[in-house]
Amino acid sequence: MLTLDQILSFKNQALALISQTAKPADLEQLRQEYLGRKGQINALIKQLTHLEPGQKSSLGRAVNEAKSAITQSLDHKLLATSHTPDWLDVTQPGTQPPVGHLHPITQAIDEITRIFEHIGFTRVRYPEVDWDFYVFEALNMPADHPARDELETIFIDGPKHTKLGQMVLTTHTSNGQVREMERVKTPPIRMLNIGKCYRRQQDPTHTVMFHQFEGLVVDKGISIPHLKGTLDYFGREFFGPKIKSRIRPFHFQFTEPSFEVDFTCTSCQGKGCRFCKSGWVEVGGAGMVHPNVLSAGKIDPKQYSGFAFGWGVERVLRLKPGLNIDDIRLLYSTNSDFLNQF
Amino acid sequence: MNISISHSWLKEFLTTNASPEKIAECLSLCGPSVEELEKTKDDYLYHMEVTTNRVDMMGVLGIAREAAAILPQFGIKARLKNDLYPPARPIPAGKPFPLKVAVDQQLCPRFSAVVISNVTVKSAPQKISNYLEKSGIRSLNNVVDISNYLMRAYGQPVHTFDLDKIQAKMVLRLSKKGETITTLDGKRFTLPGNDIVIADAGNRLIDLCGIMGGLNSAVDNNTKNVLLFVQIYSPKHIRATSMTLGQRSEAAQIFEKQPDPELVMPVILKGIQLFKQLTGREQGSQIIDLYPQPPKSKNVFVPLQLIKDRLGVEVSIKKVNSILQSLGFKGFPQVTVPSWRANDVTIAEDIVEEVARIYGYHHLPGLIMATTIPTNYPATNLYLEQQIKHWLVGMDLTEIYTNSMISQKLAEASGYPLSAHLKIKNALSEDWQYLRRSLIPSHTQAFPAFEIANTYHPRPGHLPEEKLQLIISGFTDHLKLKGIVESLFRKLHISATFTPTEILVGKTQLGTIGRVASNVHIADLSVSALTNQSSLYPHYQALPTTAPIIEDMTFTLPPQTYLGPIMDTIKSVSPLIESVTLKDRYENNFTFTITYRNPKSQLTDHDVAPLRSKITSKLALG
């Protein structure tokens, strides 16, 4: 009478024998012995027919398992022992699987996301078509304020909202600042808002549609050194270990104090070159969140403070070593010669 | 705003031994940004960017004041000289002012003027013209040069009229729509209305205030009597006129940023002095100065702790005091703001900025905040979007970005009426007039590509619904495209049904796949539906312990039979059918590979035979 133990020991013996056999011809012989029409497996299956139905199914499974284990083992061994030509040309071109190209903007966004998520930032996304309130008014830029001039705003044709004003295409990701305060309600906030922005300009260094990433940190006791630490960290991670940051005075309506942020030039590592002149390159703006902006987001500026920065993805991409793309309009051109490089 | 000044002119207001390079470096770190230091023949030129809040730095004096505060922080001696504040007292008297004057004070909070008689218009002395020319201002004649000198040296725009060309009276008022004026540069403007203008007794407009003077009252080579004119205007009006007419003169750019009214008297006195030096002529009238409401001096309370908190370092009261004093502020923690900073410095944070920047941002440490990390994330699954992109790239697709703004032609090709699109009010180009509702018309490229981008669906009274779509395009072979979509679904662990019109999971529509032109195939999928229906991990199945029975069945089907439902029908015959795949097709003959398996016990041909005939009969019934 066939037993489970018999089947298992048969399987183990077979596997041991296979592993000790080296010649392909011998392995072929083993295959005939075990798996051939008159082989041992079929012999076992024949024995199954004499068993009672209950036993038949459990032992049948064991035989099946033995069969597939022996088959796999033989296949592996054959693969390992056969095809060993005496000469291999590793210098010849390989058969490449076709592979596509991730857009450089996506690559940069992925990298920026990873960098800021490491230090606890939450990636969010806010409307690309937004009310004047979030894009300007809540950011301490009332109607007709000269600070709006530089933003080259694109307006949507349509009626004004009674409270929130005109509908516009976001000129910057800063519209996420008050929206994030409204979402979170009570700090801490560490926001990373990455999105499409639009301005009425198109030339080799500007595109009418572009991308920005915006950082916003709000909590108790947030200070200028926290901004500096975050900038240094980003510079090292994104541009390289030797890259430093510096901040210089500037003016934005929605931050006080406001800064212009420079990083060490990646072409000359800060020595000064034809491209940067001073050893530094300007990347964008930053500042300590203006109390009026916190108030607009219903956060008490007496208790909380924060910093914010917002820069162009295209800008930081171009400053990567080796990526001095002279005409960024190429990014949005569906030019395959360009895209296939990435 | 940009301003260029020469090193020699700066030294007129600043005592220091610092080199121009050092001055440029220190100013950029702590004050106005020196964008370029240009070496000229015998001088240096600072090309600077002045931020819009610091109109007080639109003159050499303001820059010198900054330098005098900043340089000592770098251990360099520097001292401000020839400061114009406060004005000399008493104000010199003179003959009665020859014109009647009526001024709307809302439009002109400070109106001052003085007559200089018997002037001879000729070229200006070398020193003045040198300063101007080196700083990029053309030297014309002594009268014009004086007003240009005053503006660049102190940042207060100044105008000069030919007194004898003005008829009896000056009325400063708002323009009426349609009134016309020809300005100094010969341009004729028909005014939109509500522009600040001056009319004379003949109701002729003689000045487009704050923008440019009128040609009819301009100083020329025959001018004898000059009216020196120094004012402050309502910034909003100047800005509106300047923007509407597109006349962005330096004067307009300064006036719209509200320069210091306290500067008016010192500048007019300096002007009188320059006329005396350059033309030898005294003032020919009293100084008229209509200044009914001088602003009160402003105080801001700043707790020392706030400064320490924001700077993140210990700062002494002594240090804070010395920094603030060097910039013209008085007292601490109750800080009196100097008149030239009255509009810019209004809250404690503004004072923090002054202390911080002069203290030096480069002296502050950098550290990542040690506060609580927020964990209340929004629900959007951005990670999966990233995964989708990477998977598609692995399947030989290239990612492209196309513009959200589209032409009328593309909007009309979207399947939505043109009127149901959001329209751009001030389109930069005909190519960017509407916000797209579909990505399909934008994808005209000839290679397999994909894009994840928003579509914009208007909702009356609300912001549009921004729907994120995944489009896979550039295929001429439907089956290749379909295969990619199926593979993507496999990676996302989505089992979807493809009906002739849509792709479904249960009742949720994932999107569509189809032909948009005779040979152009596109899949258009909703990213939120994909992410909602997907899971990162599969529902694990225990590994099979029984062997399957695999066999092929060939059927001849009528033309234009949808294959999906046929395969579903086969599959539905029995739970013992593990899978049905299409192996081969030849004309109307389709070979399916059918895998039978019972996970609990080994199937035999005996078990499969009835299933086989059931399949045949089901398909025969159609």
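The values are calculated or read from the model by the stated rules, or taken from the named source; none is laboratory data. This is a predicted model, so every value here is computed, not measured. All Cβ positions, glycine included, derive from the backbone under ideal geometry; neighbour counts span all protein chains shown. Note: accessible area is taken over every heavy atom of the protein model, side chains too, but ligands, DNA and RNA are not part of it. Shrake-Rupley method; radii C 1.70, N 1.55, O 1.52, S 1.80 Å.
At 1.4 Å probe size, put B:Tyr596, B:Tyr537 in order of accessible surface, largest to smallest. Don't skip to the end; give the middle numbers.
Numbers: B:Tyr596 0, B:Tyr537 170 Å².
Descending accessible area places them as B:Tyr537, B:Tyr596.
Surface composition of region B:2-80: carbon and sulfur make up 47 percent of the accessible area, probe 1.4 Å.
Tally Lys/Arg at +1 and Asp/Glu at -1 over every other residue whose Cβ is under 11 Å from the Cβ of B:Ile206; what's the total? Can you show the working numbers first?
Working: positive: B:Lys165, B:Lys169, B:Arg204; negative: B:Asp162, B:Asp200, B:Asp207.
My count for the surroundings of B:Ile206 gives 0.
Accessible surface for B:Asp56 stands near 30 Å², nearest 10, in the context of the full protein assembly shown (1.4 Å probe).
Nearest 100 Å² is fine: what is the total accessible surface buried where chains B and A meet, probe 1.4 Å? Before the final figure, lay out each step's value.
Numbers: alone 32380 and 19400 Å², together 44600 Å².
Interface between B and A: roughly 7200 Å².
Couplings 3J(HN,Hα) of region B:447-457, computed from phi: 10, x, 8, 9, 8, 10, 7, 7, 10, 10, 10 Hz, in residue order, whole Hz [Karplus 6.51 cos²θ - 1.76 cosθ + 1.60, θ = phi - 60°; x for Gly and Pro]. When the solvent-accessible area of region A:41-110 is split by element, carbon and sulfur atoms take up 57 percent of it, the probe being 1.4 Å.
Against chain B, whose longest principal axis is taken from its Cα atoms, helix B:382-394 shows a tilt of about 60°. Taking the 1.4 Å solvent-accessible surface of region B:298-363 as the whole, the part contributed by carbon and sulfur is 54%.
Taking 0.36 nm per residue of separation and subtracting the Cα-Cα distance, what length does fully extending B:Gln560 through B:Ala168 add?
Values: separation 392, 0.36 × 392 = 141.12 nm, distance 9.52 nm.
Net length gain for the segment: 131.6 nm.
Toward the positive end of the charge dipole of chain B, with +1 on the Cβ of Lys and Arg and -1 on the Cβ of Asp and Glu, the farthest Cα among B:His390, B:Leu132, B:Asn225 is that of B:Asn225.
Which of B:Ile198, B:Pro338, B:Ala449 sits closest to the plus end of the dipole of the protein assembly as shown, meaning its Cα is farthest towards the positive end, when Lys and Arg get +1 and Asp and Glu get -1 on the C-beta? Most positive-ward Cα: B:Pro338.
Approximating the spin labels as points 7 Å out from Cα along Cα→Cβ, the B:Met243-to-B:Leu140 distance works out to 2.8 nm. Hydropathy at least 0.0 by Kyte-Doolittle, axial extent at least 20 angstrom from the Cα trace: which helices of chain A, defined as entire DSSP H runs, fit? Length and hydropathy pass: A:4-20.
Given a cut-off of 27 Å, name the pairs among A:Lys320/B:Lys423; A:Lys185/A:Lys302; B:Lys236/B:Lys425; B:Lys11/B:Lys41; B:Lys127/B:Lys276; B:Lys482/B:Lys600 whose C-alpha atoms lie farther apart than that in the structure shown. Display every interim value, and only then the final one.
Details: A:Lys320/B:Lys423 37 Å; A:Lys185/A:Lys302 16 Å; B:Lys236/B:Lys425 24 Å; B:Lys11/B:Lys41 17 Å; B:Lys127/B:Lys276 15 Å; B:Lys482/B:Lys600 35 Å.
The pairs that break the limit, which is 27 Å between Cα atoms, are A:Lys320/B:Lys423; B:Lys482/B:Lys600.
Compute the signed sum of charges (Lys and Arg +1, Asp and Glu -1) over the other residues within less than 9 Å, Cβ to Cβ, of A:Phe263. The partial results should precede the final answer.
Working: positive: A:Lys244, A:Arg246; negative: A:Asp262, A:Glu282.
With Lys, Arg at +1 and Asp, Glu at -1, the neighbours total 0.
Exposure check, 1.4 Å probe, all protein chains in place: B:His159 carries approximately 40 Å² of accessible surface. Over region B:2-80, the pair-distance histogram of Cα-Cα distances with 5 Å bins from zero comes to 3, 17, 31, 29, 15, 4, 0 percent, rounded to whole numbers.
Please arrange B:Arg239, A:Arg37, B:Arg459 by accessible surface area, largest first, computed with a 1.4 Å probe and ligands excluded. Present the calculation step by step, with values, prior to reporting the outcome.
Details: B:Arg239 30, A:Arg37 200, B:Arg459 110 Å².
Most to least solvent-accessible, the answer reads A:Arg37, B:Arg459, B:Arg239.
Return the FRET efficiency for the residue pair A:Phe155, B:Ala609: r is the Cβ-Cβ distance, R0 is 60 Å, and the value is rounded to the nearest 0.05. E between A:Phe155 and B:Ala609, to the nearest 0.05, is 0.25.
If you sort B:Leu174, B:Leu603 by accessible surface, 1.4 Å probe, largest first, the order is B:Leu174, B:Leu603. Approximating the spin labels as points 7 Å out from Cα along Cα→Cβ, the B:Lys571-to-B:Glu12 distance works out to 8.7 nm. In the context of the full set of protein chains, the protein assembly as shown has a per residue accessible area of 46 Å² (1.4 Å probe).
Just add up the charged neighbours of A:Pro204: K/R +1, D/E -1, any other residue whose Cβ is under 9 Å from the Cβ of A:Pro204. Mind dumping the intermediate values first?
Values: positive: A:Arg329; negative: A:Asp203, A:Asp326, A:Asp327.
So the surrounding residues net to -2.
Across peptide A:149-161, the average count of Cβ atoms from other chains found within 10 Å of a residue's Cβ is 4.
Let's test the formula: R0 of 41 Å, r as the Cβ-Cβ distance of B:Thr581 and B:His462. What FRET efficiency results, to the nearest 0.05? Let's see the in-between values first.
On the way: r = 47 Å, r/R0 = 1.15.
Here the calculated transfer efficiency is 0.30.
Could you give the size of the charge dipole of region B:298-363 about its Cα centre, using +1 on the Cβ of each K and R and -1 on the Cβ of each D and E, expressed in debye and rounded to the nearest 20? Please report the intermediate quantities before stating the final value.
Details: 8 positive and 7 negative charges, 45 e Å.
Here region B:298-363 has a charge dipole of around 220 debye.
Close amide H pairs (under 5 Å, H built 1.01 Å from N) link B:Asn598 with B:Leu603, residues at least 5 positions away or on another chain. Tell me whether region B:163-305 comes out rounded, prolate or oblate; compute the Cα gyration tensor, take square roots of the eigenvalues as a ≥ b ≥ c, and use a/c under 1.5 as the rounded threshold. Because a/c hits 1.5 or more and a/b fails to exceed b/c, region B:163-305 counts as oblate.
Helix B:60-70 and the long axis of chain B differ in direction by around 70°, with both axes built from C-alpha atoms.
Only lysines eight or more places from B:Lys298 in sequence, or on another chain, were considered; those with a Cα closer than 20 Å are B:Lys257, B:Lys330.
Of the trypsin sites (Lys or Arg not before Pro) found in region A:73-179, those in coil by DSSP whose Cβ has at most 14 other Cβ atoms within 10 Å are A:Lys160, A:Lys163. Modelled label positions at B:Thr346 and B:Ser495, each set 7 Å beyond Cα in the direction of Cβ, lie 6.5 nm from each other. Interface residues of region B:367-381, defined as those with an accessible-area decrease of at least 20 Å² between the chain by itself and the complete set of protein chains (probe 1.4 Å), are B:Leu367, B:Ile368, B:Met369, B:Thr371, B:Thr372, B:Ile373, B:Pro374, B:Asn376, B:Tyr377, B:Pro378. Per-residue mean of foreign Cβ neighbours for B:304-310 is 3 (Cβ atoms of other chains, 10 Å radius). Convex hull volume of the C-alpha atoms in chain B, normalised per residue: 245 Å³. With unit charges on the beta carbon (Lys/Arg positive, Asp/Glu negative), name the residue among A:Val283, B:Pro538, A:Pro159 whose Cα is farthest towards the positive pole of the charge dipole of the protein assembly as shown. It is A:Pro159, whose Cα lies furthest towards the positive end. B:Val527 contributes about 0 Å² of solvent-accessible surface, heavy atoms of the protein only, 1.4 Å probe. Taking the longest Cα principal axis of chain B as reference, the axis of helix B:20-30 is set at about 60 degrees. In this Cβ point-charge picture (+1 for Lys and Arg, -1 for Asp and Glu), chain B has a dipole of about 1600 debye about its Cα centre.
Multiply the residue gap between A:Leu323 and A:Asn12 by 0.36 nm, knock off their C-alpha separation, and tell me the result in nm, one decimal place. Don't skip to the end; give the middle numbers.
Values: separation 311, 0.36 × 311 = 111.96 nm, distance 5.94 nm.
This chain segment gains 106.0 nm when fully extended.
Relative to the Cα centre, the charge distribution of region A:197-342, modelled as +1 at Lys and Arg Cβ and -1 at Asp and Glu Cβ, gives a dipole magnitude of about 340 debye.
Counting Cβ atoms of other protein chains within 10 Å of each Cβ in B:420-428 and taking the mean gives 5.
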